[in-house]
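> My questions all concern the structure below.
Bear in mind that the values in this text are calculations on the coordinates, not laboratory data. Just so it is clear, the structure is predicted and the values come from calculations on it, not from any experiment. Glycine also receives a Cβ, built like all others from the backbone with ideal geometry; neighbour counts cover every protein chain displayed.
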Amino acid sequence: MRAQDNDKTRAGSSRPWLKPLLLFVASVVIAWIVVGFIGAIDWAEVASSFSRLSIGSILLLLLGLLARQGFNAVPLSKFVPGLTLPRSVQNDLSANVVATFTPPPSDVVLRVSMFNSWGVNPVDGMAGVTLNMITFYAVRFLAPVLGVLLLTTQEVERGHLVTAALSALVALCVIGALVAVMRGDAMAAWVGRSRLSAVARSRPAPSATRRTNWM
């Protein structure tokens, strides 16, 4: 077995062009996907829409976008020990952008790589990502309830009340699950490991590869 491993090592070292070639092919595929996605956008219509806005309105939209990303990343910085808010924003925004163009688990791989580069335990990091996602949906389902409260001085239809009640029920269930996870370290670690298993399934195990080559 050792002789076979040495032969594989020599074969890999004798083909230094293989890794750059694979990186080049992957870059071409990703560029093709990105160009196809961007090319499908009617940029003339986008420019026409922005031309109707004043400079002040555009600045307010940008500030609103920055504020939204910052608020979205605040829970992640609180859930993951040693993760600052700027890095939390960077991790969350980068993963969302990657997930827009490439299929999963590309965003998980990116998040784990960033956590490793920062010296953050990836299990803690992915557990925090899951908790952050649960918090996001809890807030989203509370939005209809806040909308109904804001419309109390106006005429509110029965359908609005039913929607708000169902959304509140879902939000309470999500918040209850979030509290249960936060109070149990074992459950939080299990959540992180389950998210990391997506990365493990995306590539074959070394032992399985060795057995296949040996046969």
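> Pull out the extension gain between residue 57 and residue 113, defined as 0.36 nm times the separation in residues minus the alpha carbon to alpha carbon distance; nm, one decimal.
16.5 nm
> Still on this structure, please answer the following. With each label point set 7 Å from Cα along the Cα-Cβ vector, what nm distance links residue 121 and residue 97?
Inter-label distance under the simple model: 3.0 nm.
> Next question, about the same structure. Would you please name the trypsin sites (Lys or Arg not before Pro) within region 52-127 that are DSSP coil residues with at most 10 other C-beta atoms within 10 Å of their C-beta?
Listed in order of number, the matching sites are 52.
> Next up: Once you put a point 7 Å from the Cα of residue 65 and another 7 Å from the Cα of residue 177, both along the Cβ direction, what distance in nm separates them?
3.1
> Need the full-extension length gain, residue 145 to residue 50, defined as separation in residues times 0.36 nm minus the C-alpha distance. One decimal, nm.
Contour length minus the Cα-Cα distance gives 31.0 nm.
> Moving on to the next point. If r is the Cβ-Cβ distance from residue 197 to residue 32 and R0 is 25 Å, what FRET efficiency results, to the nearest 0.05?
0.25
> Would you please name the chymotrypsin sites (Phe, Trp or Tyr not before Pro) within region 124-166 that are DSSP coil residues with at most 13 other C-beta atoms within 10 Å of their C-beta?
Filter output for region 124-166: empty list.
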